[in-house]
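Some notes on the structure that comes next.
The values are calculated or read from the model by the stated rules, or taken from the named source; none is laboratory data. Here the structure is a predicted model, which means the values were calculated and not measured. Reconstructed Cβ throughout: ideal geometry from the backbone, glycine too, with neighbour counts over all protein chains shown.
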Amino acid sequence: MLAQRVLSALVGIPVLVLVLAWGPAWLYTLLVLGFALGAQRELYEMFRAVGVEADRGVGLALGALVVLAFAAEDHPVMLPLALSLAVIVAVALGVRRDAGSERAWAGVTLTLLGVCYCAWLLGHAIWLRALPGGRAWTLFALGVTWCGESAAYFIGRRFGRRRLAPRISPGKTVEGGVAQVIASIAAALLGASFVGLALPEAVTVGILLGVVGQFGDLSESFLKRSAGAKDAGQVIPGHGGVLDRLDSLLFNVPALYYWLYFAGAH
């Protein structure tokens, strides 16, 4: 498993960095769209296995609309319009379900969850890259998040004793969680000059991403446990599915974007 994780990283990370750093905006948007829809499809498939059926085709189309709306910088009304359409269409489709069924509402909720959790959150990656210096900030977000996750994985496996959230994710430990925050701070400090952060700001951002990323990880674990799944998918050898690889980034990318926005950094 470890060898598969390392091999997947050695192949996937350079390709991703090339697209982030040098790829045109349209290619980057397609990359974000592909990841968002891949994660959304895995979410729907997980719950389908336990009898909760989303309107998958419509949900994926609405998710694509939301992601593409993030790229419509010249027409800011497109994003609230896309999200409003997602809510209206998903709920309206519920009228064809059996209202007497215990799970009639669950399918509608799952359809909307896929749009909001996968497409809406990851769509912020398009806004993040569009900022001044956004390519560097996007790479910074990936580097800090992945350094933190790696530290949590290795330290947790080697030294983990106390369970962080045993009912949600028995494998997560307090020791791994602390290591994730420390590694995130260290990575943020190392990358501070790359994005023009002062050292105190880098510490703040490291703590933010180290903590918020863990909530992203635990949230996906909660969804998997609710669906009785070990992994969201098997598309990435050693890592599981797309959603397994994106869980922390789904929370960290919006967190970093809004920190930059409200801190007045951009």
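Residue count for region 112-141 under the criterion of being over 12 Å from the mean Cα position of the chain (by Cα) and hydroxyl-bearing (Ser, Thr, Tyr): the result is 1. Pairing each residue of region 120-134 that is surrounded by fewer than 21 Cβ atoms within 10 Å (Cβ to Cβ) with any residue that is part of a loop (DSSP other than H, G, I, E, B) and of a type outside the set (D, E, K, R), provided the two are 6+ apart or on different chains, yields C-beta distances under 8 Å for Leu131/His266; Pro132/His266; Gly133/Gly196; Gly133/His266.
Within region 169-191, residues that are without any contact (Cβ under 8 Å) to a residue 40 or more places away in the chain sit with their Cβ atoms under 6 Å from residues that are aromatic (Phe, Trp, Tyr), at 6+ positions apart or across chains, in these pairs: Glu175/Phe159.
Which residue is modelled with the highest pLDDT, if the candidates are limited to region 135-159 and must be surrounded by fewer than 21 Cβ atoms within 10 Å (Cβ to Cβ) and in contact with a Lys or Arg (Cβ under 9 Å, 6 or more places away or on another chain)? If we take residues in region 135-159 being surrounded by fewer than 21 Cβ atoms within 10 Å (Cβ to Cβ) and in contact with a Lys or Arg (Cβ under 9 Å, 6 or more places away or on another chain), then Arg135 is modelled with the highest pLDDT.
Residues in region 148-179 that are farther than 19 Å from Ala229 by Cβ and either hydrophobic (A, V, I, L, M, F, W, C) or touching a Pro at 6+ places or on another chain (Cβ under 8 Å) (or both): Ala151, Ala152, Phe154, Ile155, Phe159, Arg163, Leu164, Val174, Val178, Ala179. Tell me whether region 35-45 contains one or more residues that are assigned to a helix (DSSP H, G or I) and without any contact (Cβ under 8 Å) to a residue 12 or more places away in the chain. No, that holds for no residue.
Candidates in region 101-119 are the residues that are surrounded by fewer than 18 Cβ atoms within 10 Å (Cβ to Cβ) and among the hydroxyl-bearing types (Ser, Thr, Tyr); of these, the one that is modelled with the highest pLDDT is Thr109. Just give me the residues in region 122-151 being under 28 Å from Lys172 (Cα atoms) and of a type outside the set (A, V, I, L, M, F, W, C), in sequence order. Selection gives Gly123, His124, Thr138, Gly143, Thr145, Gly148, Glu149, Ser150. Note on region 124-148: residues that are touching a His at 6+ places or on another chain (Cβ under 8 Å) and more than 13 Å from Val253 (Cβ to Cβ) amount to 2. Kindly provide the set of residues from region 43-63 that are at pLDDT 95 or above and surrounded by 18 or more Cβ atoms within 10 Å (Cβ to Cβ), ordered by number. Correct list: Leu43, Tyr44, Gly59, Leu60, Leu62, Gly63.
For the condition under 19 Å from Leu250 (Cα atoms) and touching a helix residue (DSSP H, G or I) at 6+ places or on another chain (Cβ under 8 Å), what is the one hit in Leu85, Leu93, Leu79? Steps first, answer last, please.
On the way: Leu85 fails: under 19 Å from Leu250 (Cα atoms); Leu93 fails: under 19 Å from Leu250 (Cα atoms).
Criteria check complete, one pass: Leu79.
Close Cβ contacts (under 6 Å, 6 or more residues apart or on different chains) running from residues in region 243-266 that are within 19 Å of Gly206 (Cβ to Cβ) to residues that are not in a helix (DSSP H, G or I) comprise Leu260/His266; His266/Leu131; His266/Pro132. Restricting attention to region 192-207, the residues that are assigned to a helix (DSSP H, G or I) and either crowded, with 20+ Cβ neighbours inside 10 Å or in contact (Cβ under 8 Å) with a residue 60 or more places away in the chain (or both) add up to 5.
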